[in-house]
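Report on the following structure.
What follows is calculated from the coordinates using simple rules that are stated; it is not laboratory data. If you're wondering where the values come from, they're calculated on a predicted model, not measured in any experiment. Every residue, glycine among them, receives a Cβ derived from its backbone with ideal geometry; neighbour counts consider all protein chains shown.
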Amino acid sequence: MLAEIKGLNEECGIFGVWGHPDASQLTYYGLHSLQHRGQEGTGIVVSDGNTLKGKKGEGLVTEIFTADTIKELHGNAAIGHVRYATAGGGGYENVQPLLFHSQTGSLALAHNGNLVNANSLKHQLETQGSIFQTSSDSEVLAHLIRRSGFPQIKDQVKNALSMLKGAYAYLIMTETELMAALDPHGLRPLSLGCLGDAYVLASETCAFDVIGAEYIRDIEPGELLIINDNGITSERFAHSSTKAICMMEYVYFSRPDSNIHGINVHTARKNMGKRLAIEAPFDADVVTGVPDSSISAAIGYAEASGIPYEMGLIKNKYVGRTFIQPSQSLREQGVKMKLSAVRGVVEGKRVVMVDDSIVRGTTSRRIVNMLKEAGATEVHVVISSPPIKNPCFYGIDTSSKEELIASDKTVEEIRQIIGADTLTFLSLEGMAAAITQTEGLNGFCLGCFTGNYPTEIYPDTLQYYYQRG
Ligand code: SF4
C-alpha cells in the first residue's frame, strides 16, 4: 500500500561505508535505495581521518545532494541517514546524521528506531547539565557517550548503549572508527557487507545490491561492531534475551529485494499470500494486489488458489511530496491521484483484493469503492497480516490507538465500514510460519498485533503516544 496515504510509516534508514575513496558517493546511492524508509530528511557525514564533515537537509536524497556537494564530502568513511519524522518531530535540526564536535574529537551518529526511555534519560541528562541540540530521541546516545567516564571510545559507547531501552540500529562514526550497534532484541534490521576491501553497513540489503557490495551477515542483537584501520572486531554490550525482529519489516516496510536475517522479503510476502489462500479460499475470477507492497502476497495467493493474478489496480508513480493534493470537495468528486482501478480487468469480475494491512480503514474503503465503481461484482478483501490493534513504540508511526480501526472494532464491523463483500485477516501463526516455515511465534516483535511488547514501555512514552493523533 502507499505509505503516504495509509498512515503507516517507517521512520528511518541508515547506511555506512568504511575504507573506500568514494565513501560519500556510495552512501548517496545506498541512501537512495533506502528512500522508502524515510522521505522527509537526509544527510551524509564523512571522515577524512582527521575531521568529520557533513551535509543534510529536509527533502529527498536527490533533492539534497548534487554531484558537487557529494564531491565536497571527501573521505574514506561515511555514514548517512534518511528520515521520516515522528519522534521528536520534524525540522532541520532533527535531520541526521547528528554531528558533534568537542575537545576530545568529533562524533556523528545515525539512528533507526525509537528509544522508549529517551524522555527519562533526557530529563536525567539535562538535570546534570546537558543541553540538547535537537528534540530527537537519537541524540541521547551522544550525551551518554560523552558523559561516560571510560577512557576508550569503545567502552564509552558500550556503556552508553547499555542504558538505552527500545529499538535501535545505530551507526556511530569518529575520525578513526565506524561502529554499528543493534538493540538487544534486534528490532530493526542492520546488515554488514563488503565492497573489495571496504566495509558497508545498511538497514536493508537492497542497498548492497545497488553498489555491487557483497552481503556478509546481519548484525546480531546486543552486538557492537567496530571497524577501523586495524580491521573489524565484534563486541557485546548486552546479552540478547529474546530476539524480536519487527514483523512489519517483512509484511510492509522493507523492499521486496531485501533479505532480513537470511529471509527474502518478497518470498516471505508471497508465502503470506499462499497461507491466505488456504485460510481464506474464495470462488473468484481475479486476484489483484494493492501496489506496491501487496503485489508479492497477491502473487502468492494467485499461485496457491489457481485464480489468475491481474493488475486490477495501478499506482501513479509520479505523485511526489510537492504535488498539490486535491481539496476535500475534489476528492469527493473522485479525483484519484495515487491509485486507479483498471476497468478492463475488474469489470464484471469477482475480485480478491490482497492488501498487507489495514490501519485507519479509510484507504481500504476508497480502494474497495474504486473497484466497485470500475464494475467489480464482488470484492473480497484479504489482508496478509492480522488486525493492527495497538501502536508501535519502536520507530514505526502506526498512528495513535484511537486512529487504528481494529483497536475497537470487530472484523465484521470493519468489513461494513470498508464496504467489502468479505474481509479476512491472516492469522498470527500463518504470518509467522510464512516467514520461518516452522510453527511458533518466537523471534518476532508482534506488539502492534498482540499488545505484548518485547521491552518495558515507559510511562512518559505511553503518554506521548496516547496524546498525539
Ligand atoms: S510493534 Fe509492530 S511495527 Fe512496532 S516493532 Fe513491533 S511488530 Fe514492528
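Three principal axis extents, largest first, for the C-alpha atoms of the stretch 264-467, in Å?
Largest first, the stretch 264-467 extends 52, 44, 32 Å along its Cα principal axes.
Taking 0.36 nm per residue of sequence separation and subtracting the Cα-Cα distance, how much length would be gained by fully extending the chain between ARG217 and LEU428, in nm to one decimal?
Extra length available between ARG217 and LEU428 comes to 73.2 nm.
Can you work out the base-10 log of I(q)/I(0) for the chain at q = 0.10, 0.11 1/Å, using the Debye formula on its C-alpha atoms alone?
-0.73, -0.87
If I model a spin label at SER340 and SER327 as a point 7 Å from the Cα along the Cα→Cβ vector, what separation in nanometres do I get?
Inter-label distance under the simple model: 2.4 nm.
For the stretch 175-307, give the magnitude of the charge dipole about the Cα centre (Cβ charges: +1 Lys/Arg, -1 Asp/Glu; no others), in debye to the nearest 20.
Taking the Cα centre of the stretch 175-307 as origin, the dipole is about 500 debye.
Hey, rough spin-label estimate for ARG146 and THR69, points 7 angstrom out along Cα→Cβ, what's it come to in nanometres?
2.5
Hey, what did the chain get for relative contact order, percent, Cα under 8 Å, at least 6 apart? Don't skip to the end; give the middle numbers.
Numbers: 1132 pairs, mean separation 65.7, N = 469.
Rounded, it is 14 percent for the chain.
In nm, what is the difference between 0.36 nm times the number of residues separating CYS194 and SER234 and their Cα-Cα distance?
Separation in residues times 0.36 nm, less the Cα-Cα distance, equals 12.8 nm.
Nearest 20 debye, what's the magnitude of the dipole of the stretch 122-221 about its Cα centre given +1 on Lys and Arg Cβ and -1 on Asp and Glu Cβ?
Charge dipole of the stretch 122-221: 460 debye, to the nearest 20.
For a paramagnetic label modelled at 7 Å from the Cα of MET311 toward its Cβ, which residues of the stretch 277-299 fall within the zone defined by backbone nitrogen distances under 18 Å?
Inside the label zone: 286-299.
Extending each Cα 7 Å along its Cβ direction at GLU175 and ASP292, get the distance between those two points in nm, one decimal.
Roughly 4.1 nm, to one decimal.
Of all the C-alpha pairs in the stretch 227-275, what % are more than 14 Å from each other?
Here the long-distance tail beyond 14 Å is 64 percent of all Cα pairs in the stretch 227-275.
Once the dipole of the chain is set up with Lys and Arg at +1 and Asp and Glu at -1 on Cβ about the Cα centre, which of TYR309, GLY361, ALA142 lies farthest towards its positive end?
Going by the Cα projections, it comes out as GLY361.
Taking the alpha-carbon set of the stretch 42-84, what are its Rg and Dmax in Å?
Over the stretch 42-84's Cα set, Rg and Dmax evaluate to 10.2, 31 Å.
At a Förster radius of 30 Å, what calculated FRET efficiency corresponds to the Cβ-Cβ distance of ASP48 and ASN442, to the nearest 0.05? Mind dumping the intermediate values first?
Numbers: r = 45 Å, r/R0 = 1.50.
Efficiency computed from Cβ-Cβ geometry: 0.10.
Using the Cα centre as the reference, give the magnitude of the dipole from point charges on the C-beta atoms of the chain (Lys, Arg: +1; Asp, Glu: -1; all else neutral), rounded to the nearest 20 debye.
Its charge dipole is roughly 660 debye.
Mind checking the full-extension length gain between GLU303 and LYS55? Use 0.36 nm per residue of separation minus the Cα-Cα distance, one decimal, nm.
84.6 nm
Where does the stretch 1-151 land on the Kirkwood hydrodynamic radius, alpha-carbon pairs, in angstrom?
With all distinct Cα pairs of the stretch 1-151 included, I get 15.9 Å.
Which pairs, out of LYS56/LYS165; LYS243/LYS315; LYS56/LYS274; LYS243/LYS317; LYS56/LYS401; LYS349/LYS409, put more than 31 Å between their alpha-carbon atoms?
LYS243/LYS315; LYS56/LYS274; LYS243/LYS317; LYS56/LYS401
Which FRET efficiency, nearest 0.05, do THR62 and ASP283 yield, Cβ-Cβ r, R0 45 Å?
On the way: r = 46 Å, r/R0 = 1.03.
After rounding to 0.05, the efficiency reads 0.45.
Among THR69, ASN114, PHE208, pick out the residue whose Cα is farthest towards the positive end of the charge dipole of the stretch 3-241, where Lys and Arg carry +1 and Asp and Glu carry -1 on C-beta, about the Cα centre.
ASN114
If you count, for each residue, the other Cβ atoms within 10 Å and average over each peptide, how do 153-166, 66-79 line up from highest to lowest?
153-166, 66-79
Please report how far the C-alpha centroid of the stretch 103-124 lies from that of the stretch 32-101, rounded to the nearest whole angstrom.
With the stretch 103-124 and the stretch 32-101 each reduced to a Cα centre, they are spaced 17 Å.
Given Cα pairs under 8 Å that are at least 6 residues apart, what percent is the relative contact order of the stretch 264-467?
For the stretch 264-467, the relative contact order is 21 percent.
Before anything else, pin down the relative contact order of the stretch 3-241: Cα pairs under 8 Å, at least 6 apart, normalised by residue count, whole percent.
In percent, rounded to a whole number, it is 20.
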